[in-house]
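Visitor: Below is the structure I would like to discuss, written out as structure tokens.
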Amino acid sequence: MFDYIKGEIDQLTPTNVIIESGGIGYLMHISLNSYAQLNEKTNAKVFIHQVIREDAHLLYGFFSKEEREIFRLLISVSGIGPNTARMILSALSPMETIEAITTGNVMVLKSVKGIGAKTAQRVIVDLRDKVGKTVEKDEIFDVSSNRIKEESLSALATLGFSKSSVIKIVESIISKNPEISVEQLLREALGKL
């Protein structure tokens, strides 16, 4: 099994990335979350999950190991395939996905296209215990970065931006620099908006 591919980004779309490594272009299906992290980069290290079917060999790419772990947990649930898991990770950040599962928030999971109430409940029941063991909670629920994130989102909302339009940008900035101050984060976010 492959762990990651490191190389030059040849093509990047919201659903796919082609990384050229060793003269070979690897096509990987990605989430919008990974797309936001890879955007404006020329080289990248992308963690992968390989799916081998009778008719195809597919690679799913992730910017972080944590996102890949959540993807693997999601596809372990009956009725959730790789494309549905990718849809969940495109609609919700890895942190939001874990939060929805651990708090039993069916409505958040149901808000994802293609996820009904029964599937959302199955995800919560099947993964609630596994999420805490597999993913480092301290890494995901870092109190200082959550405080910085919430303050930044609140400030941007005061400036007239909707939370949904800025949340991925704010999370992207925090993931690149977890020690960033609220002021620096706001300057960087406003530069990208």
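Since every read-out is calculated from the coordinates, none of them should be taken as a lab result. All figures in this text were calculated on a predicted structure; none of them were measured in a lab. Note that each Cβ is placed from the backbone with ideal geometry, even for glycine, and that neighbours are counted across all protein chains shown.
Visitor: Which of Thr103, Thr119, Thr158 comes first, and how do the rest follow, when ranked by fewest Cβ neighbours within 10 Å? Walk me through the intermediate numbers first.
Guide: Working: Thr103 11, Thr119 19, Thr158 8.
So the residues, fewest neighbours to most, are Thr158, Thr103, Thr119.
Visitor: Looking only at Ile174, Ile101, Ile52, which one moves most when the chain is put into a Gaussian network model with springs between Cα atoms under 10 Å?
Guide: Ile52
Visitor: Considering the alpha-carbon set of segment 4-62 alone, what are its Rg and its Dmax in angstrom?
Guide: 10.8, 35
Visitor: Which of Lys149, Lys41, Lys130 moves the most in a Gaussian network model of the chain with Cα springs under 10 Å?
Guide: Top of the fluctuation ranking is Lys41.
Visitor: Have a look at the DSSP beta bridges in the chain and tell me what percent are antiparallel, nearest 5. Walk me through the numbers before you get to the answer.
Guide: On the way: 21 of 22 bridges.
Around 95 percent of the beta bridges assigned by DSSP in the chain are antiparallel ones.
Visitor: Given the options Gly61, Gly22, Gly104, state which has the largest fluctuation in a GNM of the chain using a 10 Å cut-off (strictly under) for Cα springs.
Guide: Gly22
Visitor: Could I ask something else about it? Pairwise over distinct Cα atoms, reciprocal of the mean inverse distance: report the Kirkwood radius of the chain in Å, one decimal place. Walk me through the numbers before you get to the answer.
Guide: Details: mean 1/r = 0.0570 Å⁻¹.
Hydrodynamic radius (Kirkwood, Cα pairs) of the chain is 17.5 Å.
Visitor: Continuing with the same structure: What order do you get for Val131, Val125, Val106 when you list them from fewest to most C-beta neighbours inside 10 Å? Spell out each step's value before the answer.
Guide: Numbers: Val131 21, Val125 12, Val106 18.
The fewest-first ordering by Cβ neighbours comes to Val125, Val106, Val131.
Visitor: Continuing with the same structure: I want to make sure I understand the PRE zone here: with the label point 7 angstrom from the Cα of Arg128 toward its beta carbon, which residues in segment 78-101 have backbone N atoms less than 15 Å away?
Guide: Label zone hits: 98-101.
Visitor: Further, regarding this structure: Using a Förster distance of 25 Å, how high is the FRET efficiency between Glu54 and Lys113, based on the Cβ-Cβ distance and rounded to 0.05?
Guide: Values: r = 27 Å, r/R0 = 1.07.
Computed FRET efficiency for Glu54 and Lys113 comes out at 0.40.
Visitor: Please give every one of the lysines within straight-line cross-link reach of Lys130, meaning a C-alpha to C-alpha distance under 21 Å, and leave out same-chain neighbours fewer than 8 residues apart.
Guide: Lys65, Lys110, Lys118
Visitor: Let me ask you something else. Tell me the mean residue ellipticity at 222 nm calculated for the chain from its helices only (DSSP H runs of n ≥ 4, each -39500 (n - 2.57), averaged over every residue, nearest 500). Working shown, then result.
Guide: Details: 10 runs with 106 residues, N = 193.
Computed mean residue ellipticity for the chain: -16500 deg cm²/dmol.
Visitor: Further question: What is the sum of charges, Lys and Arg at +1 and Asp and Glu at -1, for the other residues whose Cβ falls under 15 Å from the Cβ of Gly81? Mind showing how you got there, number by number?
Guide: Working: positive: Arg53, Arg72, Arg86, Lys113, Arg122; negative: Glu54, Asp55, Asp126.
Local net charge: +2.
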